[in-house]
Every structure is written in C-alpha cells, then in structure tokens.
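Colleague: If you scroll down you'll find the structure; I have some questions about it.
Just so it is clear, none of the values below were taken in a lab; they were calculated from the coordinates. As the structure is a prediction and not an experimental result, all values here were calculated from the model. Reconstructed Cβ throughout: ideal geometry from the backbone, glycine too, with neighbour counts over all protein chains shown.
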Amino acid sequence: MTSNLISRARDGDADAFRELTEPHRRELHVHCYRMLGSFQDAEDALQDTLLLAWQGFARFEERASIRTWLFRIATNRCLDVLRANKRRPPREWSLPGVEPPEPTQLGEVMWLEPYPDALLDPAIDVPLGPAARYEQTEAISLAFVTALQVLPGRQRAVLILRDVLGYHASEVADMLNSTLESVNSALKRARARVQQLPALRDRQPPPAANSAAEEALVAEFARAYQAGDIDALVALLTEDAFVSMPPVPLEYQGREVVARFYASLLHSRRYELVPTRANGQPAFGAYLRATSGGIRHGAGLIVLTLSGSHISAMTRFDNNALTWFGLPQSLPRSRTR
C-alpha cells in the first residue's frame, strides 16, 4: 500500500501525497511550534514544509521513512525562519487606566504564543525513539517551550530531535547535513543551558491533568480572579510566582510584586473567565465585564503553571489567541452585577 502511494505521489498524484503526509501533519505542527515558539509561525512553517515536500517528492529516495524525511524538511525550514529573524517585536503596555508597578525584569521571548490542547492529543500520542528523555506533555509545557527559545537554532533543533523525539545522533546529523561530532557537541551545550533555567528546576510536579486536585486549585483561582480578591489570589501562589504577558516585555517574579501587579489590574476591573487548556495546562479566556452589564470583550488568554498545590506562573496572551481555542472575541450582554 505505502509503496503504491509513493509511486503515485512521485508521478504527481496529489491525493496519494496527502494520504502519505496527512498522518504526520499534527505532529509536524507541534514540532514547528517547539522550534519557533509561535502558533502562527508554526502554521506557516508547516505549510512551507508540505509545499517543499510536494515539490521535491520525486527525489524522495526512501533511505528514511516518510515521517523522518518530513521532519528533516520541517526542521530545516524552521532554521531558515530563525535565521531570517523576523519575529514579533515587543509591545508597550497600553491598558487604559492601569499603571503597573516597576517590572522585576524584561522578557526575551516576546513572540511566545500558546498551543491549544485540542490539537495536541493526536500529535503527542506517537511512538518515540529510544533516545527520548522527555515526556511529550512536559515537552510542550510553556516553561519548556520558552526554554527552547533561548537556545541557538541548531542547538534547539538537536535537543528536540534527540531528547524530545528520540532520534539517534546519526539520524540527526543526516537531517541537519552535519557531523556526528557536531551534533553531540550541540546537544551537550543545549542540555547544560536548559538545565540551568530556574523554570525547569526545583519544581514540584503539578497535579494530574483534570484530577480533583487540579480542578479544585483552578476553580479557586477563577473565583478569586473574577471577584478581584487579591488576598485569595496571592494565597494560591508560590513564593517565587512569575507573571509574563508576551508580547509586552514586563515580567514580575515573587509573590509580593505579583500581588502589586494584580492589585493595579483588578482594582477597578472585573473579568469573566471561560475555561480551556493550553500546552497541557489549565487556561482561561478572559473577558472584561462592563459596569453596565453590556457585551464582555475579550481581554486575552491566561495560562496557569501549577506546582504542587500552588500556582507558580501565570502567562497572559493577546486576544488573537482566543480564536485558536474556539473562544469568541466577546461574550453576550449580561445582567448588571
């Protein structure tokens, strides 16, 4: 069956090509997302990958599987994107009437975007190579994807291909037109850099997804956030809780400064939260309530990072992320509260 499809695709049969590549589409999209950190950039890179594969299919020699061949094209396409360096620029804080406190630091990864869990299940439920070191759910978390973005492109590619997907070093060297020595050196440097990052060290594991413990913690967060109850919200945080909001570069670390940030944000504003999931983590679409009870307009997407029985990070993304999660840009009018 596969040999027949390959033969037909080589002869220009688009239906045969789609049948060969469609089973790998979601997995390739996740791979591009890990490489680029952006849902939109990953979509563009995936489309480019499939186009390049179609245009070059006559040269497919079957020395590797279709899956490996596609990953080679996708990885190199993402490296081209990284070399072009056309990433989303930082944006200034622009929320009317809210003056945030002085940030703890300014973020580097301003192009980061969330990934909908609804697209993850078929993409990460795939057999991995024997060299894989990370669970697929861990390797899609916001902390891990952010950590990848601080690595140089080639180190990033090697770490993902080796430690996330489990390819042998010789396979990775072939994919990157490199040497075994170069791949092993890049992997060593990438591992050392990632292991130094605080967000990936010294964390208690989160509650199991959709467990009673996770649901209770998330429900308490939603109650406190919607009520503007700063004391209750802060009580849910770890001591070193972290808040970021790409593409705005302001970042806050530590319970005290995070409390000041949310006191400024929620002082005169109330939000409605609609639950969803992103990057294997609890998330909410946030909608600003009008005092008149009118339409509640989208105010972004909030993703929670859990650590044990507390929240260790909150990441807020732009409104454009709402549509990727099947959430509307606004909610209908509600009664005045």
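Colleague: First measure r as the distance between the Cβ atoms of SER330 and ARG88, then evaluate 1/(1 + (r/R0)^6) with R0 = 22 Å and state the FRET efficiency to the nearest 0.05.
Modeller: 0.40
Colleague: Which of rounded, prolate, oblate describes the range 293-337, given a ≥ b ≥ c as roots of the alpha-carbon gyration tensor eigenvalues and a/c under 1.5 marking rounded, otherwise prolate only if a/b is larger than b/c?
Modeller: Verdict is oblate for the range 293-337.
Colleague: At a 10 Å Cβ-Cβ cut-off, how would you order HIS168, HIS24, HIS31, fewest neighbours first?
Modeller: By the 10 Å Cβ count, ascending: HIS168, HIS24, HIS31.
Colleague: Ok, one more. Quick one: Debye curve from the C-alpha atoms of the chain, no solvent, what's log10 I(q)/I(0) at q = 0.09 Å⁻¹?
Modeller: -0.53
Colleague: What is the gain in length, in nm to one decimal, between ALA263 and GLU215 on full extension, counting 0.36 nm per residue of separation less the C-alpha to C-alpha distance?
Modeller: Stretched fully, the ALA263-GLU215 segment lengthens by 14.8 nm.
Colleague: To continue, here is another question. For the range 167-235, which trypsin sites (Lys or Arg not before Pro) pass both filters: DSSP loop (anything but H, G, I, E, B) and at most 13 other C-beta atoms within 10 Å?
Modeller: Sites meeting the loop and neighbour criteria: ARG201.
Colleague: Can you sort ARG260, ARG289 by how many other beta carbons sit within 10 Å, fewest first?
Modeller: ARG260, ARG289
Colleague: Just want to confirm a number: the relative contact order over the chain, from Cα pairs under 8 angstrom separated by 6+ residues, in percent.
Modeller: Value for the chain: 16 percent.
Colleague: Put a dot 7 Å past each Cα toward the Cβ at GLN40 and ASP231; how far apart are the dots in nm?
Modeller: With each label point 7 Å from Cα toward Cβ, the separation is 4.2 nm.
Colleague: Of the candidates GLU99, GLU113, GLU43, which one comes out as most mobile in a Gaussian network treatment of the chain with C-alpha springs shorter than 10 Å?
Modeller: It is GLU99.
Colleague: Could you please rank ASP48, ASP117, placing first whichever residue has the fewest other Cβ atoms within 10 Å of its Cβ?
Modeller: ASP48, ASP117
Colleague: At 7 Å along Cα-to-Cβ for each site, give me the label-to-label distance between ALA118 and ASN76 in nm.
Modeller: Distance between the two pseudo-spin positions: 3.5 nm.
Colleague: Is the C-alpha gyration tensor of the range 212-331 telling us rounded, prolate or oblate? Criteria: a/c under 1.5 is rounded; beyond that, a/b larger than b/c is prolate, otherwise oblate.
Modeller: Note, shape of the range 212-331 comes out rounded.
Colleague: Which of rounded, prolate or oblate describes the range 198-262 when judged by the alpha-carbon gyration tensor and an a/c cut-off of 1.5?
Modeller: Cα axes put the range 198-262 in the oblate bin.
Colleague: Of the beta bridges DSSP finds with both residues in the chain, what % are antiparallel, to the nearest 5?
Modeller: Of all bridge pairs located within the chain, approximately 90 percent are antiparallel.
Colleague: Using DSSP to define loop residues, name the chymotrypsin sites (Phe, Trp or Tyr not before Pro) in the range 51-97 whose beta-carbon has at most 16 other beta-carbon atoms within 10 Å.
Modeller: PHE60, TRP93
Colleague: Follow-up question, since we're still on this one. Net charge within 12 Å of THR315 by Cβ-Cβ distance, Lys/Arg positive one each and Asp/Glu negative one each, not counting THR315 itself?
Modeller: Within the 12 Å Cβ shell, the charges total -2.
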